[in-house]
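First the structure, which I've put down as C-alpha cells, then a few questions once you've had a look.
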Amino acid sequence: MKLYQLTISQAKEGLEKKKFSVKELVASCLEQIKKLNPKLNAFITVCEKEALKEAKEKDLEIKKLRNLEIKGKFPLFGIPIAAKDLFCTKGIKTTAGSKVLENYIPVYDATVIRKLKEAGAIIIGKTNCDAWAHGSSGENSDFGPTKNPFDETRVPGGSSSGSAVAVATGMSLAATGTDTGGSIRQPAAFCGVVGLKPTYGRVSRFGVVAMASSLDCMGHFTKDVKDAALVLKVIAGKDEKDASSLPLPVVDYLNLLEKPSKNFKVGLPKEYFIKGLEKKIEERILKIVKLLEKKGIKIKEVSLPHTKYALATYYIIQPAEVSSNLARYDGIRYGLPRENFGAEAKRRIMLGTYTLSAGYYEAYYLKAMKVRTLIRKDFENVFKEVDLLITPVTPTLPFKLGEKVNNPLQMYLSDILTIPASLAGIPGLSLPVGKVDNLPVGAQILGPQFAEEKILQLGRIIEREVNEK
Amino acid sequence: MKKNSKFSRLPAGPRQRRWQIPCLSGRQANSKKNPKSKIQNSKLDEEEVGHIAKLARLKLTREEVKMFCFQLSEVLEYMKVLNEVETGGVEPTAQVTDLENVFREDEVSPSLEPNEALSCAPAREGNFFKTGVVLEK
C-alpha cells in the first residue's frame, strides 16, 4: 500500500509507530498530484515548497512529542490536507475559482484553516471549484474544469470539484469544502468519497468567500466516516468571528462513532424516490436499506410534502444572497474589476437583483422565505417520527462534461435532492455505497440540527456493510 | 440609472406604476386581492435585462443580454411553481438556528496593519486605497 492511499487514522498510526516520516507522507501525496493533476485539474495552487518545509519541521518536532500528544493535542499531526480555494490561506493565493480574485493573497487564515493548522495539519494546496462555488459540475471554474477520476469525460460534481477529486485520488488525505446547496455532498457522491455538510452554524464561516450567508456550511471530504468524525471534531465550534456560529459543546464524534443507539429508526422519504431518479441508483439505495433492516434497524416510509418546492425556493433565496455578497467585489481594495465575473456569477447576481427589486420582492423573495419555513417544518415533523433519513444524493450518475453547461435550469436540477436539507440548515452525510456502470453512487443521511454524531454513526454502520459485500 | 424604475427600492411613485402596467396587462383584472404576492409574467425582455445589469454594476455584451433574456426567463418561469403553495399566516425564515442578539464586549484588539490591509490594493496613496473619481465638481 502506498502512503497516499492511507486514511487519516491509518496515517496517524503509521506516524506514531514511526513506520514512515511526515515528509514521506507529504511527498507521496505531492507525487500523486504531479502525476494526476495535469489530467484531472483538481488543484489551482500546489504548495509544494511550503508543505515539504513544514513536513521537515514536523519530523523534527515529532521526536520531541509523545504519541499521546499526537492523539490528543495534535489530532491531525503531519496530515496533508487540501483546501477548497474559497478558504482564505495566509500568504497563499485564494481565487474562489474566479478571475476576479486571480491575484488575491489573503493576509489571514479562515478559522477552519487556522484550526486545521493548530491541529497539526499541513495545507498541501488549494483546490479547483466552480467560481464562487456556483455550480454542480466544476465546469464554472475560470481555471478550467476538473475531471472525474473514474471517467475523464465526466464531471466530478461541484462546486467543491477539486476537493472531491483530490481525496478520491490520494492527492491529499482529506480536503475542505463548502456546501450551500449540495456542493460537498454531490461531488462526494460523484467521486466515491465521504462528504460531510455539518449543521448550519456548527463550523465557522469566517474567512471563507461568502456565497449565500444563510445557507453556507463548511465541511470536508475524507476517505471514510471515521476520518469525517475526526476532522469535524477539529473544525467545529463557536467562533467569535462568526456571529452565526453556535456556542454548543463539540462532542467527541470519533469516540461516539462505535457506540450507536441500539434502536435507530430511519425514514425513507417518498418524495426523494421520484420520476427522474435513475433506476439503478434507486435500486442501490434500497439494497442498502434492506441491509439495514436485516441488522434490526427500523425503516419507515415518511413524507416531506414540500420537497418539490425546494429547488424554486433555493434558486430565489441563494441568488438574492449572492447578489448582495458579490456586491463587495469592486476591484478597489483587492481583486480585479467586475467585468471579470464569469457567466454563472453574472446570471446569479442578476437573478438576485431582480427578485429583490421593488414590485417583485413579495412574489419571489418573501414568498420563498415563507416556503422555506414550510420546508423546515417538514423536517421538524418527520424527525418526531424517525431519528434519521436515508436518500440518494443525486438523481443521476456523473454526467458528461459539457452536457448541461448551456442549460442552467437542468444544471440546477442536479441538486434537487441535497437542497432541502440546506434550506433547513440540517446536517447531511454523503457516503459511497458502491458503483453502477463503473461510476460511484452515494447515499445521503440526513438528521436533525446538531445530530452529526448520529448521522456519522449510521454512516459507519452502512460503510461497514458495504465494505463487507 | 433610471430613477423610480420598477426595480428601484424607492417607495412606489407614479412612474413605477406606469412601468408595471405592461407586465401585468390583462392579468391584473383577474388576479386576487394582492397581485404582488404571486409570480405573474416571468418573461424578461432585453431592456429589462440591460436594466438589471446596470443596477448590479455589470457590463454585458449584446450576446450576453440575449442569452440571459432566455435563460433568466426560463428560471423565473420554473419558480411559478411556488404560486401553488398556500403561505397565508406563515412566518418567513431568514435564518435557521434561531440565534438572537449575539453580543460581544466592545474592546479594542489588534487588527491588520495598514500595510497588510493595503497589500492587495491595485493602487494606493500613503495609507489609503486609491480609486478613480466618483463624484465630479
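Read the figures in this text as sums done on the coordinates, not as results from a lab. Just so you know, these numbers come straight off a predicted model, no measurement behind them. With ideal geometry, Cβ positions are generated from the backbone for all residues, glycine too; neighbour counts draw on all protein chains shown.
Taking square-rooted eigenvalues a ≥ b ≥ c of the alpha carbon gyration tensor, is segment A:1-122 rounded, prolate or oblate, where a/c under 1.5 means rounded and, failing that, a/b exceeding b/c means prolate?
It is oblate, given that a/c is not under 1.5 and a/b is not larger than b/c.
Then there's this: Within 10 Å of each Cβ in A:342-351, how many Cβ atoms from other chains are there, averaged over the peptide?
Per residue, the number of nearby Cβ atoms from other chains is 5 on average.
For a label point 7 angstrom out from the Cα of A:LYS377 toward its Cβ, which stretches of segment A:262-288 have the backbone nitrogen within less than 19 Å?
Under cut-off, by backbone N: A:271.
I would also like to ask the following. Straight-line reach from A:LYS56: which lysines fall under 17 Å, measuring Cα to Cα and dropping same-chain residues less than 8 apart?
Partners within reach: A:LYS12, A:LYS18, A:LYS19, A:LYS23, A:LYS64, A:LYS117.
Using only Cα atoms, locate the centre of segment A:76-101 and the centre of segment B:104-128, then give the distance between them in Å, rounded to an integer.
Here the two parts' Cα centres lie 22 Å apart.
Which order do peptides A:172-180, A:120-128 fall in by mean Cβ count within 10 Å, highest first?
Working: A:172-180: 30.7, A:120-128: 28.4.
Highest mean packing first, the order is A:172-180, A:120-128.
Show that you can apply the helix-only estimate: for the protein assembly as shown, add -39,500 (n - 2.57) for every DSSP H stretch of four or more residues, divide by all residues, and state [θ] at 222 nm to the nearest 500. Display every interim value, and only then the final one.
Details: 20 runs with 224 residues, N = 606.
For the protein assembly as shown, the value works out to -11500 deg cm²/dmol.
Starting from the amide H of A:THR199, placed 1.01 Å from N in the peptide plane, find each other amide H under 5 Å away whose residue is 5 or more places distant or on another chain.
It is A:PHE450, by chain and number.
Let me ask something additional. Bin by bin, in steps of 10 Å, what percent of the Cα pairs in the protein assembly as shown do you find, going until the bin that has the longest distance?
Computed distribution, short to long bins: 3, 17, 27, 27, 17, 7, 2, 0, 0.
Going by average Cβ density within 10 Å per residue, which order do the peptides A:375-383, A:267-275 take, highest to lowest?
On the way: A:375-383: 18.8, A:267-275: 16.3.
The packing order, highest mean first, is A:375-383, A:267-275.
How big is the gap, in Å, between the Cα center of segment A:230-283 and the Cα center of segment A:25-56?
30 Å
Also, I was wondering about something else. Could you tell me whether segment A:392-469 comes out rounded, prolate or oblate from its Cα gyration tensor? Rule is a ≥ b ≥ c as square roots of the eigenvalues, rounded for a/c under 1.5, then prolate if a/b exceeds b/c, otherwise oblate.
The shape class here is oblate.
Still on this structure, I have one more. Treating only the Cβ of Lys, Arg, Asp and Glu as charged (+1, +1, -1, -1), what charge dipole size does segment A:237-276 show about its Cα centre? Round to the nearest 20 debye. Write out the running numbers ahead of the final one.
On the way: 7 positive and 6 negative charges, 78 e Å.
Here segment A:237-276 has a charge dipole of around 380 debye.
Now a separate question. What shape does segment A:244-376 have by the C-alpha gyration tensor, where a ≥ b ≥ c are the square roots of the eigenvalues, rounded means a/c under 1.5, and otherwise prolate means a/b greater than b/c and oblate the rest?
The shape class here is prolate.
Same structure again: Please list A:24-35, A:387-398 highest first by mean number of surrounding beta-carbon atoms within 10 Å per residue.
Highest-to-lowest ranking by the protection proxy: A:387-398, A:24-35.
Only sites in a loop by DSSP and with at most 15 other Cβ atoms within 10 Å count here; which GluC sites (Glu not before Pro) in segment A:104-186 make the cut?
A:GLU152
Related question: Please state the charge dipole magnitude for the protein assembly as shown, taken about the Cα centre, from unit charges on C-beta atoms (+1 on K and R, -1 on D and E), reported in debye and rounded to the nearest 20. Spell out each step's value before the answer.
On the way: 94 positive and 72 negative charges, 114 e Å.
Result for the protein assembly as shown is approximately 540 debye, rounded to the nearest 20.
Quick check: Cα centre of segment B:44-78 to Cα centre of segment A:306-379, how many Å?
15 Å
Next up: Please compute, for peptide A:309-319, the average count of beta-carbon atoms on other protein chains lying within 10 Å of each residue's beta-carbon.
Mean partner-chain Cβ count within 10 Å for A:309-319: 3.
What does the convex hull of the Cα atoms come to per residue for segment A:55-184, in Å³?
Hull volume over Cα atoms, normalised by residue count, gives 112 Å³.
Another question, then. Which whole number gives the average, over all residues in B:94-101, of C-beta atoms from other chains lying within 10 Å of the residue C-beta?
Numbers: counts 5, 7, 15, 12, 3, 6, 0, 1.
Partner-chain Cβ atoms within 10 Å, mean over residues of B:94-101: 6.
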